[in-house]
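Before any comments, here is the structure.
The values are calculated or read from the model by the stated rules, or taken from the named source; none is laboratory data. Just so it is clear, the model here is predicted, and its values are computed rather than measured. Positions of Cβ are generated from backbone atoms using ideal geometry, with glycine treated the same way; all protein chains shown enter the neighbour counts. We work out accessible area using only protein heavy atoms, side chains counted, and drop any ligands, DNA or RNA first. Shrake-Rupley method; radii C 1.70, N 1.55, O 1.52, S 1.80 Å.
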Amino acid sequence: MCGIVGYSGHRPAGPILLEGLRRLEYRGYDSAGLALFDGDRQFYIAHATGKLDALVQRVEGTLPPATSGIGHTRWATHGEPSDRNAHPQLDPDGTIAVIHNGIIENFEELRARYARGPFHSETDTEVLAHMLAGAVERGVDLLDALRGVVAEARGAYSVVAVAVGEPGRMVAARAGNAGGIVIGTGEGEHLLASDLGALLPHTRRVTFLEPGEFVDLCADSVRYVDIEGHELTKTIEVLPYDPVSAVKGPYKHFMLKEIHEQPDAALNAMRGRYLTGPLRVDLSGDIPFDAAWAKALTRVVLVGMGTSMHSALVGRHYIERFARLPAEVDNSAEFRYRGPVLDEHTLVISVAQSGETVDTLAAMDEAKRAGCPQITICNSPGAQTTRVANATLLMRAGPEIAVASTKTMVASMVLLHALALYLGRLRGTLAPDVEAQQVQAALHLPAAIGAALNLGGQIEVLADRYADSRDFLFLGRGLGYPAALEGALKLKEVSYIHAEGYAAGEMKHGPIALIDDQFPTVALAPRDDVFDKMRSNIEQIRARKGPVIALVSAGDRSLEGVATDIVEMPEVDPLLTPIVAVVPLQLLSYYIATRRGADVDQPRNLAKTVTVE
Ligand code: M6R
């Protein structure tokens, strides 16, 4: 959470920082602020509560011609969203400005020890400015001062500081796993940001700060040190991302745009991995493990949060079926505290579109300590999960800006399918004809997802009918169960309607008490081996007058007269159904949310990347 951006160069910094914040706004959007060097004796500081537009309005016509400065967009952890809690935070004399992402766990203790005057905010950030100012006043160099501060400030965070009297200089540190920092090198300029999106319009030459590393940069120089001050040699990476895809195009919202990008997301995930002639999966370019290694595996644990955990639940089915390994799924935040039983034959697969989710990183650390081999499925090249895992399957879905994950779920389910097939082949548990049939079926996915998008008109009619509902139930069995969980998550996060996802068999053990004629249910009822059971569940709900929207297989009319509304999903292999079924569920959430006037791309209280526990 929180977006950080900094610029030092020869161009006016203000507009560059505001544009950078616009690209980072999805990370936090309850307030924003800027600090620019206004000559060499003072800062120009601006804060505004609310979305970035409030800051843009506030600074209009007042920005100094500074060529360096820092900016921040906030997701509140300590203190309400307000001007005084917005970053940058300053020391009492206004000589140091600090922006920060993550949590300083011992900030109260530090406040008691290092206060140089009254604190103006409730943030855990402000004390860092006090500490730095104290050190600089004692003649300590700014970078050394920051090393001293980080040595004392406990937690997982990243921080950037600037000092009056040193225009153009910026120092930054990354402590632990919360939110990374990327440094961009341009022509006579350097930038830094909490993620790539803010840098790509300016440069593709980037360097990632690892936990425990510090950077000291000016327009034409950059140096890296560790916590002890030892110089580090870091290599510049040249990235391929296309910044154009980060704009909304003809769509009203990023969420809708990203829903429509899903055929491409599936295709890009498959490219070079699902092969024809002969039909097979080849992940040898991503995963450096061989058959002996795969045969020695005894178990798979999948971890993730939110939508990524729902993908993992789909992946579990694939792994058990194709690789014949016992597989379990854990919520990353629960996993680490349970003292999980792990060893070097347990493959840990993490799913995280951002690659920066702190809970998932903590779960991966736990697995690393136990010596587990790890594969991560991630959409952000260079993100932290990709640095911890032994191998990465990049989603290649392009930037996902809407807070609600859509295309990255599709990409991750495709990759879990590919991984399960590949492990199955390496382990000798997958018959070649099954692999060929599954590859053929997967190659149909972009078309099937495209056909699911054509359901938009019908879904809009349903959205009109059900937009005023107070509650929703989503039911599924087998592979329909994770899709039901995802349908409920999507609806609640973008429309604020209370929704619950349940394994359909569980319904009669409690949730059925909620059913009445005002409580709609979305039932995933494709023609698979549990269809008859789903049908019974739908009849049980209808007997209690609950409306049911049934998602059924293409051409299946058997629920007509049973369910209230029927949505026919496009034809797809039964095992791949969830990858297609999530599309009408996403559309339903989207259209209901827009009818309720909700802020679809930036739902209240949420952030795209969750870097706090
Ligand atoms: O970046 P990650 O995939 O690790 O993020 C995990 C969750 O925070 C994320 O899926 C969240 O639940 C989304 N808002 C769901 O749409």
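Just to confirm my filter: which strands (runs of 3 or more DSSP E) fall fully inside segment 451-564 and include at least 1 residues that are within 16 Å of the ligand (Cβ to nearest atom) and under 18 Å from residue 581 (Cα atoms)?
Counting at least 1 such residues, we get 471-476, 498-503.
Go through segment 318-333 and report how many residues are open to solvent by 30 Å² or more (accessible area, probe 1.4 Å), within 14 Å of the ligand (Cβ to nearest atom) and part of a helix (DSSP H, G or I).
0
In the list 517, 556, which residue meets the criterion of being open to solvent by 20 Å² or more (accessible area, probe 1.4 Å) and of a type in the set (D, E, K, R)?
Within the list 517, 556, the selection yields 517.
Quick one: in segment 32-68, of everything that is part of a strand (DSSP E or B) and of a type in the set (S, T, N, Q), which residue is most open to solvent (accessible area, probe 1.4 Å)?
This residue is 42.
Take residue 344 and decide whether it is open to solvent by 40 Å² or more (accessible area, probe 1.4 Å), modelled with pLDDT of 95 or more, out of contact with any Ser or Thr (no Cβ under 9 Å at 6 or more places or on another chain) and not aliphatic (A, V, I, L, M).
Against the criterion (open to solvent by 40 Å² or more (accessible area, probe 1.4 Å), modelled with pLDDT of 95 or more, out of contact with any Ser or Thr (no Cβ under 9 Å at 6 or more places or on another chain) and not aliphatic (A, V, I, L, M)), residue 344 qualifies.
Which condition number in (1) open to solvent by less than 10 Å² (accessible area, probe 1.4 Å); (2) within 11 Å of the ligand (Cβ to nearest atom); (3) not in a helix (DSSP H, G or I) is the one that residue 409 fails?
(3)
Determine which member of the set 439, 434, 410, 461 is closer than 18 Å to residue 282 by Cβ and modelled with pLDDT of 95 or more.
434
Any chance you could count how many residues in segment 346-382 are within 29 Å of residue 492 (Cβ to Cβ), of a type in the set (Gly, Ala, Ser) and either away from the ligand (no atom under 12 Å from the Cβ) or assigned to a helix (DSSP H, G or I) (or both)?
The total comes to 2.
Quick one: how many residues across segment 559-587 are within 26 Å of the chain's Cα centre (by Cα) and open to solvent by less than 10 Å² (accessible area, probe 1.4 Å)?
Number of matching residues: 11.
From the list 385, 392, pick out the single residue that is near the ligand (Cβ under 9 Å from one of its atoms), within 26 Å of residue 406 (Cβ to Cβ) and touching a strand residue (DSSP E or B) at 6+ places or on another chain (Cβ under 9 Å).
Result of the check over 385, 392: 385.
If you scan segment 591-606, which residues turn out to be under 23 Å from the mean Cα position of the chain (by Cα) and either open to solvent by 10 Å² or more (accessible area, probe 1.4 Å) or more than 15 Å from residue 493 (Cβ to Cβ) (or both)?
591, 594, 598, 599, 601, 602, 604, 605, 606
What helices (runs of 4 or more DSSP H) lie completely within segment 246-317 and have 3 or more residues being outside the structural domain of residue 412 (by TED's automatic domain parsing) and open to solvent by 40 Å² or more (accessible area, probe 1.4 Å)?
It comes to 262-270.
Picking from 165, 148, 155, which residue would you name as being in the same structural domain as residue 239 (by TED's automatic domain parsing), open to solvent by 10 Å² or more (accessible area, probe 1.4 Å) and at pLDDT 95 or above?
Among 165, 148, 155, only 148 is in the same structural domain as residue 239 (by TED's automatic domain parsing), open to solvent by 10 Å² or more (accessible area, probe 1.4 Å) and at pLDDT 95 or above.
Let's see how each residue does on (1) at positive phi; (2) at pLDDT 95 or above; (3) open to solvent by 10 Å² or more (accessible area, probe 1.4 Å):
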{"residue": "356", "(1), (2), (3)": "no, no, yes"}
{"residue": "360", "(1), (2), (3)": "no, yes, no"}
{"residue": "364", "(1), (2), (3)": "no, yes, no"}
{"residue": "370", "(1), (2), (3)": "no, yes, yes"}
{"residue": "373", "(1), (2), (3)": "no, yes, yes"}
{"residue": "380", "(1), (2), (3)": "no, no, yes"}
{"residue": "387", "(1), (2), (3)": "no, no, yes"}
{"residue": "391", "(1), (2), (3)": "no, yes, no"}
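Could you list all residues from segment 323-341 that are of a type in the set (A, V, I, L, M, F, W, C) and within 16 Å of residue 312 (Cβ to Cβ)?
323, 325, 327, 329, 333, 335
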